[in-house]
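Q: Questions regarding the structure given below will be posed in turn.
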Amino acid sequence: MPIALGVIAVGLLGVAGAVSVIVGEQRRPPPAAGYVGVVLMLGLVALGVLALVATYKARRARALFDARGFWWDNGRARALVPWEALSGVAVHWSRLGRGTTLWSLELYPHGPVDRDDPALWPLVRDTDPPEPGLPRVHYQLPFRAGAREPIMAAVRQHAPALWLGEVRRPPGHIGRANRRGRRAGAPRTGRPESGQQPGGPGA
């Protein structure tokens with residue numbers, strides 16, 4: 001959130017500066033660069049606002065683990081991915097630039113994902129698997145570096161047979177929701193047990 005606020009602040013300062021240039025040129029045709037600057041800075045403000053909205057929506061989201069499986073609660077809906085429905089679970093990481101490391105929890109199902117689940121569909125990704133035998137379409141949950149140890153400990157505790165370890169991926173491996181697959185109608189599978197309550201400790 002501080003980064004988003006900083007982007008908005010820079011954008012507003014840029015807009016103010018560009019407007020002052022235009023106003024200062026009232027006695028003659030204002031330079032085109034002034035208008036271009038306003039448009040660019042407004043775009044920067046919009047980007048910051050979108051980041052704030054995304055952060056606000058995700059503030060109540062949480063991942064939970066128990067003996068039954070992986071729970072995802074996005075603040076509006078809750079769904080369970082049972083351990084027996086998975087063929088593997090891994091933590092992936094990659095570099096983004098010089099000083100940033102991206103982390104994600106990857107859950108690979110035995111069969112196709114459910115295109116109708118409102119909680120789980122935003123986690124669906126279509127990427128090359130890290131090893132043969134794993135499906136391309138799977139669930140990906142990005143997380144902060146501080147959650148790495150609790151997440152790995154939870155998976156090893158509740159599903160040691162599924163644990164694939166940590167895997168380094170190509171730079172910027174975090175993907176976007178597979179909306180194209182949803183529009184095309186991804187194959188359906190049994191719906192996860194949405195709405196139930198997790199019965200064990202979370203991470």
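Q: Can we say Arg115 is free of Cβ contacts under 8 Å to residues at least 12 places away in the same chain and basic (Lys, Arg)?
A: No.
Q: Inside region 137-174, can you point out the residues that are surrounded by 12 or more Cβ atoms within 10 Å (Cβ to Cβ) and either in contact with a Pro (Cβ under 6 Å, 6 or more places away or on another chain) or without any contact (Cβ under 8 Å) to a residue 24 or more places away in the chain (or both)?
A: Arg156, Val167, Ile174
Q: What number goes with the only condition from (1) of a type in the set (A, V, I, L, M); (2) at pLDDT 90 or above; (3) farther than 25 Å from Arg68 by Cα that Val91 does not pass?
A: The number of the failed condition is (3).
Q: Next question. Tell me which of these Trp93 doesn't satisfy, since it passes every other one: (1) surrounded by 21 or more Cβ atoms within 10 Å (Cβ to Cβ); (2) out of contact with any Gly (no Cβ under 7 Å at 6 or more places or on another chain).
A: (1)
The values are calculated or read from the model by the stated rules, or taken from the named source; none is laboratory data. This structure is a prediction, so every number in the text was calculated from the model and none was measured. Note that we place each Cβ from the backbone using ideal geometry, even for glycine, and neighbour counts take in every protein chain shown.
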